[in-house]
There are 2 protein chains.
Amino acid sequence: MDSASGSGTGSVKVGLVQMSMGTERSENLDVALSGAREAASGGAEVICLPELFTSRYFCQVQDPAFFDWAEPIPGPTTHEVSQLARELGVTIVTPLFERRAAGLYHNSLVVVGPDGALGGHYRKLHIPDDPHFQEKFYFTPGDLGVLVAQTPAARLGALICWDQWYPEAARLAALRGAELLFYPTAIGWLPEEKQSEGPSQLDAWRTVQRGHAIANGVFVIAVNRVGRESMGPSEIQFWGHSFVCDPFGVVLAEAGEEEAVLVVECQLGRQEEVRRTWPFLRDRRVDAYGGLDARFLESD
Amino acid sequence: MDSASGSGTGSVKVGLVQMSMGTERSENLDVALSGAREAASGGAEVICLPELFTSRYFCQVQDPAFFDWAEPIPGPTTHEVSQLARELGVTIVTPLFERRAAGLYHNSLVVVGPDGALGGHYRKLHIPDDPHFQEKFYFTPGDLGVLVAQTPAARLGALICWDQWYPEAARLAALRGAELLFYPTAIGWLPEEKQSEGPSQLDAWRTVQRGHAIANGVFVIAVNRVGRESMGPSEIQFWGHSFVCDPFGVVLAEAGEEEAVLVVECQLGRQEEVRRTWPFLRDRRVDAYGGLDARFLESD
């Protein structure tokens, strides 16, 4: 039964480490790993860290010096995470800034298994770019497709941040058998628009991801950072609100806007139960989806 | 500017006719047309009727006699709606049970323009089937693709009910330039599970459609029926809650569980505004979406 269809039975406890990032890599790593340790002590079997968790969100500005913060895979961060994963016997979804070659960098993650081995590698497919999130300067769009990895606890998909707005990515993860879909994230408010736009932005972010859970019958786990970070003329208040929802979009747990470690039990049988009642995969019109790979379909 | 990109400026008032259906076709037509008249008197320029609005929801049971209720396009219903659309000078999204040939029936809609002409024809792509919604017995899956039609008021997409759970259909409508996306619907609670499942079902239905609005930057207009209908051993309480949300998923208006006519103003410039700030179409990875036309992608 341990196949593309998912293990499908039992439950898995997922751990979410919602943290703020300081200026020192070693301190960020310490906070993340101690959060993972706390989650594991609460029974978490799959733990997810936030996007780019070893550093401040440097994409607020364009500065080639920040490429120094990138590292290879395997590299220093995966080495430390591997040791902890093996010690704790847990799977850790580990985002990092990947240096692939000179001048070629990705916003990536690796799935580190309970044996410490790297069990999956993903490079962010959808790259945002706006005055406060200048990611196209740093990150080459991913070329590894959507990641779905079998782990001892469950079959999991993992995407990163901006991917969370794309139904295509979530669907591909579901079609590859994901039971749990992780979104490590770095998203926040601009202080000058928080009052007017903040509630609708947070609500849209939560809603579109809950929509993916519903449309695909998968658990969704979003893990965001918190805290205010300033860089150059830009300031972002990362909004936290990391959450887990079930395959019908029901929110099982949600953090606030401070640091938090959540441990949430996901009953894997819920996927089968929801999909039997709401059999969306059965009725997909795979013969009628031509055009989804077009940029736009000009009018007749 | 009146092209695939949408007219993009000004506003359009949409009218939603949320109604209960009785056993008499003529009475249902009267209620629908008087609802359309009320919406037009409130300024509505595009009015949407519920799925299969001329009859009770007969798909609760399988009975070949109900095929007698199907009609051609054009036919009696489009004739009456055309007359009213021309009189009022409005566009009417008109669902009906289509008889295409002997033994070949569709769950369809036509877009009737303010000149009374049929400006678009859609056949429901995704056909549900469960003990209370036995649609696969009645309806051949549609073969006209996703409908997007230019009307004087706006460029509109129209899908039907079960389609509303499919991100692919909403995306194709957006790629074809839809500004407004209509979902005439017939969805409800089973009385025996309403207490335990009702709130999460209604919430999932609203959430997945708001998710389409957000992911695609389109207004979504869902128009449901209300009332209890019994047929054979089956009873459904249609839950109403017809709503309009903007291209960021913000709910602009929502009906309750009784009959209602809503008239809601949609500022078309909101689409451009939302998409400039949240440019999801810009960053789609059209090179990485292979597999969306697969039934499932077995694991490696």
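At-a-glance table
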{"item": "Charge dipole magnitude, Cβ of K and R +1, D and E -1 - the range B:26-144, Cα centre, debye nearest 20", "result": "220 debye"}
{"item": "Bins of 5 Å, starting at 0 and running to the largest distance - Cα pair percent for the range A:91-196", "result": "2, 12, 21, 22, 17, 12, 7, 4, 1, 0"}
{"item": "Relative contact order, percent, the range B:141-300 [alpha-carbon distance under 8 Å, six or more residues apart]", "result": "17 percent"}
{"item": "Complex-versus-alone comparison for the range A:137-170, residues with a loss of 40 Å² or more in accessible area, probe 1.4 Å", "result": "A:W162, A:W165, A:Y166, A:P167, A:E168"}
{"item": "Percent breakdown of C-alpha pair distances by 10 Å bin, ordered from the shortest bin, for the range B:11-288", "result": "7, 32, 38, 19, 4, 0"}
{"item": "Computed FRET value (nearest 0.05) for A:H79 with A:V286, which takes r as the C-beta separation and R₀ as 35 Å", "result": "0.25"}
{"item": "Test item: Cα-centred dipole of the protein assembly as shown, Lys/Arg +1 and Asp/Glu -1 on Cβ, debye", "result": "820 debye"}
{"item": "Charge context of A:A222, other residues only, Cβ under 15 angstrom, K/R +1, D/E -1", "result": "-2"}
{"item": "Solvent-accessible area, 1.4 Å probe, carbon plus sulfur percent, for the range B:11-288", "result": "49 percent"}
{"item": "Chains B and A, summed buried accessible surface - 1.4 Å probe, Å², nearest 100", "result": "5500 Å²"}
{"item": "Dipole magnitude of chain A about its Cα centre (Cβ charges: Lys, Arg +1; Asp, Glu -1), debye to nearest 20", "result": "800 debye"}
{"item": "Dipole of the range A:11-288 [Lys/Arg +1, Asp/Glu -1 at C-beta], most positive-end residue of A:N224, A:L175, A:V250", "result": "A:L175"}
{"item": "Segment A:V251-A:R100, length gained on full extension (0.36 nm per residue, minus Cα span)", "result": "50.7 nm"}
{"item": "Cα-projected label distance for A:E24 with B:E27, points at 7 Å along beta-carbon direction, nm", "result": "7.8 nm"}
{"item": "Residue-normalised accessible area of chain A, given per residue in Å² at a 1.4 Å probe", "result": "34 Å²"}
{"item": "Gyration tensor (alpha-carbon) shape descriptor, the range B:177-300, a/c threshold 1.5", "result": "oblate"}
{"item": "Normalised contact order of chain A, rounded percent, pairs of Cα under 8 Å and 6 or more residues apart", "result": "21 percent"}
{"item": "Set of lysines near A:K136 by C-alpha distance (under 27 Å), chain-local residues within fewer than 8 positions excluded", "result": "A:K124, A:K194"}
{"item": "Spherically averaged projected area in nm², based on the convex hull that wraps the Cα atoms of the protein assembly as shown", "result": "25.9 nm²"}
{"item": "Average partner coverage of B:209-218, which counts Cβ from other chains inside 10 Å", "result": "5"}
{"item": "Cβ-Cβ FRET estimate between B:D130 and A:Q267, R0 fixed at 25 Å, reported to 0.05", "result": "0.65"}
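The values are calculated or read from the model by the stated rules, or taken from the named source; none is laboratory data. Please read these numbers as outputs of a predicted model, since none were measured by experiment. Virtual Cβ from ideal backbone geometry, glycine too; neighbours counted across all protein chains shown. Keep in mind that these areas ignore ligands, DNA and RNA; they rest on the heavy atoms of the full protein, side chains included. Shrake-Rupley method; radii C 1.70, N 1.55, O 1.52, S 1.80 Å.
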